[in-house]
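The values are calculated or read from the model by the stated rules, or taken from the named source; none is laboratory data. As the structure is a prediction and not an experimental result, all values here were calculated from the model. Note that we place each Cβ from the backbone using ideal geometry, even for glycine, and neighbour counts take in every protein chain shown.
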């Protein structure tokens with residue numbers, strides 16, 4: 001189905017973290033969340049709105065330490081404006097995927113002219129594409145799952161590598177599940193036990209790894225390391241002391257956050273873990289290692305002879321549409337799915353995994369996706385693609401929808417009573433036994449039966 005994009009509105013609102021979140025080179029305490037509304041018109045004359053949302057995390061898209069957080073935010077606003085102007089400059093009809101494909105190369109070039117790396121330049125289209133598909137799903141009265149399995153966006157084999165690949169058959173074969181495991185993030189400054197706390201937030205919510213497990217029952221974890229071998233091993237030992245208490249198996253990913261210059265540094269960490277008896281069970285639990293090498297050199301490093309003992313994925317290096325292809329040639333086995341990088345990219349990468357066969361996989365990672373549109377669309381995407389566990393951290397570092405009006409909180413709770421619950425004075429993501437229920441995401445639209453209060457947001461000029 002072809003459509004025209006008639007209007008695009010950009011908004012943002014502030015997000016305050018209840019706990020500091022350390023990832024890579026930044027400790028995050030406050031951050032805006034971006035929102036996009038898009039109005040489309042089908043060739044039959046029907047018109048409707050859709051929306052999407054995403055955090056504007058500093059020092060993730062561009063880790064230049066010379067830039068302030070506010071300069072990072074302005075970069076993200078810039079890529080949103082570039083994408084909005086590009087998508088509105090062409091009044092021609094195309095499929096939803098056709099609009100993405102039509103503007104992708106020009107968006108990358110325009111971003112580069114502004115000094116934006118590919119990861120940053122893709123942020124704007126990543127939100128607009130979701131808002132466009134949301135509008136199309138609502139107009140057709142179908143869910144995201146139904147739309148994708150029927151290939152309503154019109155995803156095709158325009159790229160040479162997919163010549164002969166049957167996208168229709170691939171998409172129709174996808175079977176979303178009823179629940180997904182939440183992989184809890186253990187950040188670099190997160191408390192492991194109560195003894196690590198210097199002061200408490202005292203909002204009644206978990207503040208340590210111990211408390212998280214007791215409250216939400218997680219079995220999957222994402223463990224961040226910082227590149228200091230001695231400190232990393234000591235911290236992993238402290239984490240293992242808590243995780244090893246579980247009678248049932250647990251599973252973990254090891255996030256290197258670009259803190260290593262080469263494969264040798266990663267190998268030293270792996271060797272240290274393997275040679276510490278106290279980390280034996282933790283090492284067995286590790287499913288994969290995430291982006292340990294700095295993005296500028298990651299794809300120059302061949303991992304095939306590194307003997308790391310676990311598959312390695314790319315995350316921050318995944319700027320181009322064919323990055324996964326390049327990474328595969330360097331010994332990487334997986335790539336992260338994040339809606340902030342573009343959901344069509346995730347679909348293409350999932351198709352590559354199907355083509356390449358066993359041993360190649362898609363992981364599901366987080367950018368502190370917030371309760372509401374952001375977390376719901378990300379959950380629906382990775383669930384569609386068959387990923388069985390997803391990193392979730394936004395619900396831990398942010399107090400759910402507490403900062404929003406009671407009316408907005410209630411409308412999301414009413415629309416998605418399986419995804420959310422009201423506890424400790426606010427509506428928040430519901431995790432029970434380590435799992436998130438997803439049934440209500442199968443309603444009309446891109447995984448949301450509710451909309452946030454746009455009138456209370458700051459609109460970008």
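Limited to segment 346-359, what total is found for residues that are more than 12 Å from residue 171 (Cα to Cα) and touching a strand residue (DSSP E or B) at 6+ places or on another chain (Cβ under 8 Å)?
Total meeting the criteria: 3.
Being under 24 Å from the mean Cα position of the chain (by Cα) and at pLDDT below 95: is that true of residue 80 here?
Spelling it out, it is not the case that residue 80 is under 24 Å from the mean Cα position of the chain (by Cα) and at pLDDT below 95.
Could you grab me the full set of residues in segment 240-262 that are over 27 Å from the mean Cα position of the chain (by Cα) and assigned to a loop (DSSP other than H, G, I, E, B)?
The answer is 244, 245, 246, 247, 248.
Does residue 206 fit the bill of being within 23 Å of the chain's Cα centre (by Cα), at pLDDT 95 or above, in a loop (DSSP other than H, G, I, E, B) and surrounded by fewer than 21 Cβ atoms within 10 Å (Cβ to Cβ)?
yes
Any idea which residue in segment 429-448 is farthest from residue 221 (Cα to Cα), counting only those that are crowded, with 19+ Cβ neighbours inside 10 Å and touching a helix residue (DSSP H, G or I) at 6+ places or on another chain (Cβ under 6 Å)?
445
Residue 98 is checked against (1) in contact with a helix residue (DSSP H, G or I) (Cβ under 9 Å, 6 or more places away or on another chain); (2) buried (at least 18 other Cβ atoms within 10 Å of the Cβ) and fails just one. What number does that condition carry?
That leaves (1) as the condition not met.
Taking helices (runs of 4 or more DSSP H) that do not extend beyond segment 347-459, which have at least 3 residues that are within 20 Å of residue 149 (Cβ to Cβ)?
373-384
Does segment 187-200 contain at least one residue that is assigned to a strand (DSSP E or B), modelled with pLDDT of 95 or more and assigned by TED's automatic domain parsing to the domain that holds residue 443?
yes
Any idea which of 169, 182, 178 is within 27 Å of residue 251 (Cβ to Cβ) and surrounded by fewer than 16 Cβ atoms within 10 Å (Cβ to Cβ)?
Testing whether each residue is within 27 Å of residue 251 (Cβ to Cβ) and surrounded by fewer than 16 Cβ atoms within 10 Å (Cβ to Cβ) leaves just 178.
Does residue 164 satisfy the condition of being closer than 22 Å to residue 446 by Cβ, out of contact with any strand residue (DSSP E or B) (no Cβ under 9 Å at 6 or more places or on another chain) and surrounded by fewer than 16 Cβ atoms within 10 Å (Cβ to Cβ)?
no
Sort out which residues of segment 411-421 are without any contact (Cβ under 8 Å) to a residue 40 or more places away in the chain and either surrounded by fewer than 16 Cβ atoms within 10 Å (Cβ to Cβ) or under 20 Å from residue 391 (Cα atoms) (or both), and write them in order of number.
Scanning segment 411-421 gives 414, 417, 418, 421.
Return the residues of segment 369-384 that are under 30 Å from residue 309 (Cβ atoms) and either in contact with a strand residue (DSSP E or B) (Cβ under 6 Å, 6 or more places away or on another chain) or at pLDDT below 95 (or both); say none if nothing qualifies.
If the condition is that a residue be under 30 Å from residue 309 (Cβ atoms) and either in contact with a strand residue (DSSP E or B) (Cβ under 6 Å, 6 or more places away or on another chain) or at pLDDT below 95 (or both), then 382, 383 are the ones that fit.
If you take the residues in segment 263-294 that are touching a helix residue (DSSP H, G or I) at 6+ places or on another chain (Cβ under 9 Å) and in a loop (DSSP other than H, G, I, E, B), which one is surrounded by the fewest Cβ atoms within 10 Å (Cβ to Cβ)?
276
How many residues are in a helix (DSSP H, G or I) and closer than 15 Å to residue 343 by Cβ when one looks only at segment 150-169?
Of the residues in that region, 1 qualify.
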